[in-house]
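Take a look at the structure set out below.
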Amino acid sequence: MSDQQFDVVVIGSGPGGYVHAIRCAQLGLKTACVEKRATLGGTCLNVGCIPSKALLQSSEKFVEAAHLDEHGIGVGAPTLDLATMMKRKDGVVSKFTRGVEGLFKKNKVTWVKGAGRITAGDTVEVTGADGAVSTLKTRFITIATGSEPSSLPFLEIDEKTIVSSTGAIALEKVPGRLAVIGGGVIGLELGTVWHRLGSKVTVVEFLDNILAGMDVGTAKDMAKIVKKQGMEVLTGTKVTGAAKTAGGVSLTWEPVAGGEAQTQEFDVVLVSVGRRAYIDGLGLDAVGVTVERGKVVIDDHFKTNVNGIYAIGDVVKGPMLAHKAEDEGMALAEIYAGQAGHVNYDVIPGVVYTWPEVASVGKTEEQLKEAGIAYKVGKFPFLANSRAGAVGETDGSVKILADATTDRVLGCHIIGPNAGENIHEIVAIMEFGGSAEDVARTCHAHPTLAEAIKEAALAVDARAIHI
Ligand code: FAD
Ligand code: NAD
């Protein structure tokens with residue numbers, strides 16, 4: 001393929017890139033998507049959201065099976081066949097990556113296989129796995145090249161004993177002792193997977209709380225739950241050294257505030273200290289695209305400083321989330337087609353898929369205090385929710401933050417069963433600028449977990465019924 005002319009060339013087929021490419025094609029734009037990985041779907045489908053959730057599901061079933069006796073069901077102690085669990089995960093991944101391929105065919109998006117490099121505002125050069133180079137001419141270039149795991153200078157990732165999330169979703173045996181450096185989303189989700197399967201997990205977090213950036217009260221409540229489940233969590237602690245040993249890795253850490261250093265040996269170390277934008281080999285320097293602190297700089301309409309070149313997803317500012325990347329992809333396609341594409345960054349939910357799940361949307365208490373906004377808090381525990389009691393999942397609570405003057409919902413933070421599904425009631429309310437009163441007056445089916453949201457909304461005005 002050489003010197004083909006397109007309307008849009010998208011570089012990267014993650015949730016940002018592939019959704020964008022499909023929407024561009026739906027809007028009548030001739031679209032190509034350049035992807036260098038052997039399969040479509042990017043980080044999310046190949047090594048991120050989907051495989052991690054498949055393993056979270058399997059490991060949750062393993063734990064559930066061990067506790068069926070309390071329901072009067074005797075099945076004996078469950079045994080683990082990790083190879084089968086991994087095979088199932090791989091099957092789920094390939095079903096979805098092939099699915100994207102099918103969607104490309106259906107929508108007539110051309111998948112150009114290879115690594116893309118921008119050589120001008122209207123030109124992308126693609127080098128295939130065999131070294132062959134083709135040139136794509138286009139009206140618009142969309143950079144959607146995503147992100148890659150960050151690492152620490154003294155911990156070289158080999159994806160066997162010192163792993164990033166990519167290695168941690170493909171371990172061949174359950175590590176006896178697993179260290180997780182970084183108590184963020186990946187640390188908690190993948191730490192949970194291996195803890196459930198039998199590892200002794202130690203989470204080492206630099207900051208004073210796990211789940212940095214989250215509402216602090218919610219993060220503290222979650223830390224208690226995680227510790228109760230049996231994971232060791234060391235906050236305010238920094239890893240200062242590491243050495244490979246015959247059996248694994250010996251790690252040294254010390255309190256950030258100063259104090260005695262400790263050394264412990266682990267079979268596997270997961271480095272989950274964040275991700276950084278991926279722009280290697282894109283040629284941004286040569287065409288003059290501005291990059292600040294590793295991220296491609298865009299304006300309010302996703303445009304870089306170079307005419308014709310735009311960017312979306314993990315490679316630009318904002319939370320590194322698949323649905324944020326997707327929504328940006330939709331909005332930018334609509335902008336290309338002359339429509340008014342828009343993303344409401346104030347209402348982007350975030351979910352941690354541990355059990356119980358943690359789900360948040362909107363402002364945290366800390367953000368409201370910093371902005372000087374007077375707010376009211378309504379909190380309701382799942383312990384007092386009848387469905388949670390019947391299911392036997394009473395850890396956690398719903399917290400709604402509402403404007404003290406207008407009652408408008410400003411944020412919601414849920415720890416609880418199915419929090420990741422239930423948060424969307426508040427996402428929708430916030431999109432419509434609704435109030436806590438609106439939620440409180442909405443009829444909720446009984447007995448449901450969602451009733452805890454109604455009760456939290458009632459609690460904003462100190463009138464919850466069941467506490
Ligand atoms: P990516 O998905 O990173 O895709 C970028 C693609 O571009 C890649 O396929 C790459 O090969 C390709 N590429 C890069 N450079 C070039 C080039 N020069 N030429 C051709 N191709 C190129 N988010 C959630 O919202 N929910 C979750 O549950 C969740 N779980 C996660 C679990 C893990 C373990 C990880 C690591 C991440 C998770 N995320 C989750 C984050 C989510 O995966 C990312 O936010 C999302 O994938 C970003 O999408 P993107 O399209 O910007 O980029
Ligand atoms: P993160 O930013 O969520 O957490 C990284 C943690 O590592 C932070 O708490 C940070 O304080 C800590 N840290 C940094 N340096 C450290 C050090 N030297 N020692 C100890 N702790 C250190 O990043 P992540 O968990 O790696 O995830 C990366 C991205 O992927 C996130 O932006 C997240 O949004 C996305 N992701 C999302 C989901 C989800 O939505 N369910 C799941 C996985 C990943």
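Assuming a ≥ b ≥ c are the square roots of the Cα gyration tensor eigenvalues, decide whether region 347-460 counts as rounded (a/c under 1.5), prolate (otherwise, with a/b larger than b/c) or oblate.
Cα axes put region 347-460 in the prolate bin.
Can you tell me which of 230-238, 210-218, 45-53 comes out highest on packing, and rank the rest after it, using the mean Cβ neighbours within 10 Å?
So the order, starting with the most tightly packed, is 45-53, 210-218, 230-238.
Report, by chain and number, residues whose modeled amide H sits under 5 Å from the one on Gly241, excluding near sequence neighbours (fewer than 5 apart, same chain).
When sequence neighbours closer than 5 places are left aside, the close amide H contacts are Thr252.
Quick one: Karplus J couplings for region 385-395, per residue in order, coefficients 6.51, -1.76, 1.60, θ = phi - 60°, nearest Hz, x for Gly and Pro?
9, 5, 5, 4, x, 5, 6, x, 10, 9, 6
For region 226-322, how many pairs of lysine residues have a Cα-Cα distance under 21 Å, where the two are 8 or more positions apart or belong to different chains?
Lysine pairs, 8 or more places apart or on different chains, close enough: 4.
Among DSSP beta bridges whose residues both lie in the chain, state the antiparallel percentage, nearest 5.
60
Rounded if a/c is under 1.5, else prolate if a/b is larger than b/c, else oblate: which is the chain, with a ≥ b ≥ c the root eigenvalues of its Cα gyration tensor?
It comes out oblate by the Cα gyration axes.
Holding the Cα-Cα limit at 20 Å, pick out from Lys224/Lys379; Lys61/Lys173; Lys220/Lys363; Lys220/Lys454 the pairs that are longer than that.
Beyond 20 Å: Lys220/Lys454.
Measure off 7 Å from each Cα along the Cα-to-Cβ vector at Leu27 and Asp285, then give the distance between these two points in nanometres to one decimal.
Output for this residue pair reads 3.3 nm.
Within 10 Å, count the other beta carbons around each residue, average over each peptide in 90-99, 119-128, 326-335, and list them highest first.
Result, highest mean first: 326-335, 119-128, 90-99.
For Gly396, list long-range residues whose amide hydrogen, built 1.01 Å from N in the peptide plane, is under 5 Å from its own amide hydrogen.
Phe382
In whole Hz, what ³J(HN,Hα) sequence does region 341-356 give by Karplus (6.51, -1.76, 1.60; θ = phi - 60°), x for Gly and Pro?
x, 7, 10, 8, 5, 6, 10, 10, x, x, 10, 9, 8, 6, 10, x
Once a ≥ b ≥ c are taken as the square roots of the eigenvalues of the Cα gyration tensor of region 162-273, is the result rounded (a/c under 1.5), prolate (a/b larger than b/c) or oblate (a/b not larger than b/c)?
Cα axes put region 162-273 in the oblate bin.
Ranked highest first by average number of other Cβ atoms within 10 Å, how do 361-369, 132-140, 187-195 line up?
Descending mean neighbour count gives 187-195, 361-369, 132-140.
Express in whole angstrom the spacing between the alpha-carbon centres of region 175-252 and region 136-168.
Their Cα centres are 21 Å away from one another.
Enumerate the helices in the chain for which the Kyte-Doolittle hydropathy averages -0.5 or more and the C-alpha atoms extend at least 30 Å along the helix's axis, using complete DSSP H runs.
82-107
Any idea of the accessible area per residue across region 201-319, 1.4 Å probe, to the nearest Å²?
Each residue of region 201-319 exposes 47 Å² on average to a 1.4 Å probe.
Counting only DSSP beta bridges with both residues in region 114-265, what percent are antiparallel, rounded to the nearest 5?
75
On the accessible surface of the chain, probed at 1.4 Å, how many percent belong to carbon and sulfur atoms?
The C+S portion of the solvent-accessible surface of the chain is 53 percent.
The values are calculated or read from the model by the stated rules, or taken from the named source; none is laboratory data. Quick caveat: nothing in here was measured; it's all calculated off a predicted structure. Cβ: placed from backbone, ideal geometry, glycine included. Neighbour counts: every protein chain shown. The protein model used for the area step is the full one, side chains on, heavy atoms only, and it has no ligands, DNA or RNA in it. Shrake-Rupley method; radii C 1.70, N 1.55, O 1.52, S 1.80 Å.
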